[in-house]
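Engineer: The structure follows.
The values are calculated or read from the model by the stated rules, or taken from the named source; none is laboratory data. Keep in mind the model is a prediction, meaning the values are calculated, not measured. Here the Cβ is made from the backbone with ideal geometry for all residues, glycine too, and neighbour counts use every protein chain on show.
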Amino acid sequence: MKNTDFLQQVSDSETKIILDLLDKTAATDGDIVELGCYRGDTSLLLQRKIEKDSHFANKKLWIYDSFEGLPQKSAFDASAAGDSFQAGELYVSKKDVVMRFKKAGLKIPRIRKGFFENLDTSSDLPEKISFAFLDGDLYQSIKTSLELVWDKLASGAIVVVHDYNNPELPGVTKAVDEWLNAHSGKLEVRESLAILL
């Protein structure tokens, strides 16, 4: 397995955008989900917001990852930009993520282990979702993430998809564009974030 520590995940400026968008959903009914939590960098910030900001006191954070690294790429994920993001890359254990929450002194969110296509919408996801951050990196992962959250979005909910227009991960853009062609929704793009309103 390759060492992927060098890979840029969510940048500081993208993180600020995500947290600003999260603020807009404070009064929206439902919980917060992150599909593709990896090491939990963004998850820790989301959980800290829930615990420190009284406007989010009634919300819970649900995070998801295979904890086995990335699945196999599809043809839609092939990129002339390089061969990064291969099956098994971006591996981190669930235990490591739990320990990061403990070390930060934060409550441990609801953590679901599994590839997204194996999740059950009735038992593995909250009844209503106010904010969803999707960071699955690959075409099928993003497509499945959108399928999982879409019918659970409360009125006023926001979905943010990472790596939109990333030349190394063309499947993300394809999945988002296909989804919006088939479903109603407004797209706004900031940096490599696709914001679905």
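Engineer: Hey, among the residues in the stretch 19-67 that are polar (S, T, N, Q), touching a residue at least 40 places away in the same chain (Cβ under 8 Å) and in a helix (DSSP H, G or I), which one's nearest to Gln9 (Cα to Cα)?
Structural biologist: Just the residues of the stretch 19-67 that are polar (S, T, N, Q), to begin with: 25, 28, 42-43, 47, 54, 58, 66.
Going one step further and asking which of them are touching a residue at least 40 places away in the same chain (Cβ under 8 Å), we end up with 25, 28, 42-43, 47, 66.
Those still in the list that are in a helix (DSSP H, G or I) too: 42-43, 47.
Details: Thr42: 10, Ser43: 13, Gln47: 18 Å.
The extreme case among them is Thr42.
Engineer: Only one residue in Ala75, Ala132, Ala104 is over 22 Å from Glu188 (Cβ atoms) and touching a helix residue (DSSP H, G or I) at 6+ places or on another chain (Cβ under 7 Å), so which one is that?
Structural biologist: Values: Ala75 fails: touching a helix residue (DSSP H, G or I) at 6+ places or on another chain (Cβ under 7 Å); Ala132 fails: over 22 Å from Glu188 (Cβ atoms).
The unique qualifying residue is Ala104.
Engineer: Can I ask one more? Go through (1) of a type in the set (Ser, Thr, Tyr); (2) free of Cβ contacts under 8 Å to residues at least 60 places away in the same chain; (3) in contact with a helix residue (DSSP H, G or I) (Cβ under 8 Å, 6 or more places away or on another chain); (4) surrounded by 21 or more Cβ atoms within 10 Å (Cβ to Cβ) and name the single condition Thr121 misses.
Structural biologist: All conditions are met except number (4).
Engineer: If Ala132 meets every condition in (1) among the small types (Gly, Ala, Ser); (2) assigned to a loop (DSSP other than H, G, I, E, B); (3) touching a residue at least 60 places away in the same chain (Cβ under 8 Å) apart from one, which number is that one?
Structural biologist: Failed condition: (2).
Engineer: Tell me the residue from Ser141, Ser145, Ser123 that is of a type in the set (Ser, Thr, Tyr) and assigned to a loop (DSSP other than H, G, I, E, B), please. Before the answer, list the steps.
Structural biologist: On the way: Ser141 fails: assigned to a loop (DSSP other than H, G, I, E, B); Ser145 fails: assigned to a loop (DSSP other than H, G, I, E, B).
Just a single option satisfies the conditions, and that option is Ser123.
Engineer: If you take the residues in the stretch 165-184 that are on the phi < 0 side of the Ramachandran plot and assigned to a loop (DSSP other than H, G, I, E, B), which one is surrounded by the most Cβ atoms within 10 Å (Cβ to Cβ)? First the steps, then the outcome.
Structural biologist: Start the filter on the stretch 165-184 by keeping residues that are on the phi < 0 side of the Ramachandran plot, which leaves 166-184.
Next, from what is left, pick out any that are assigned to a loop (DSSP other than H, G, I, E, B): 166-169, 183-184.
On the way: Asn166: 18, Pro167: 12, Glu168: 17, Leu169: 24, His183: 10, Ser184: 5.
Among them, the one singled out is Leu169.
Engineer: Which pairs do you get when a residue that is closer than 17 Å to Ile129 by Cβ, found in the stretch 169-197, comes within reach of a residue that is surrounded by fewer than 21 Cβ atoms within 10 Å (Cβ to Cβ) and among the acidic types (Asp, Glu), reach meaning Cβ atoms under 6 angstrom, with the pair 6+ apart or on two chains?
Structural biologist: From residues that are closer than 17 Å to Ile129 by Cβ, the pairs are Ile195/Glu188.
Engineer: Quick one: is Lys95 of a type in the set (D, E, K, R), loosely packed, with under 14 Cβ neighbours inside 10 Å, at pLDDT 95 or above and not in a loop (DSSP other than H, G, I, E, B)? Working first, answer last.
Structural biologist: Numbers: of a type in the set (D, E, K, R): yes; loosely packed, with under 14 Cβ neighbours inside 10 Å: yes; at pLDDT 95 or above: yes; not in a loop (DSSP other than H, G, I, E, B): yes.
Taking the combined requirement at face value, the residue satisfies it.
Engineer: What about Asp23, is it under 22 Å from Leu90 (Cα atoms), among the charged types (D, E, K, R) and over 14 Å from the mean Cα position of the chain (by Cα)? Before the answer, list the steps.
Structural biologist: On the way: under 22 Å from Leu90 (Cα atoms): no; among the charged types (D, E, K, R): yes; over 14 Å from the mean Cα position of the chain (by Cα): yes.
Criteria not met by Asp23.
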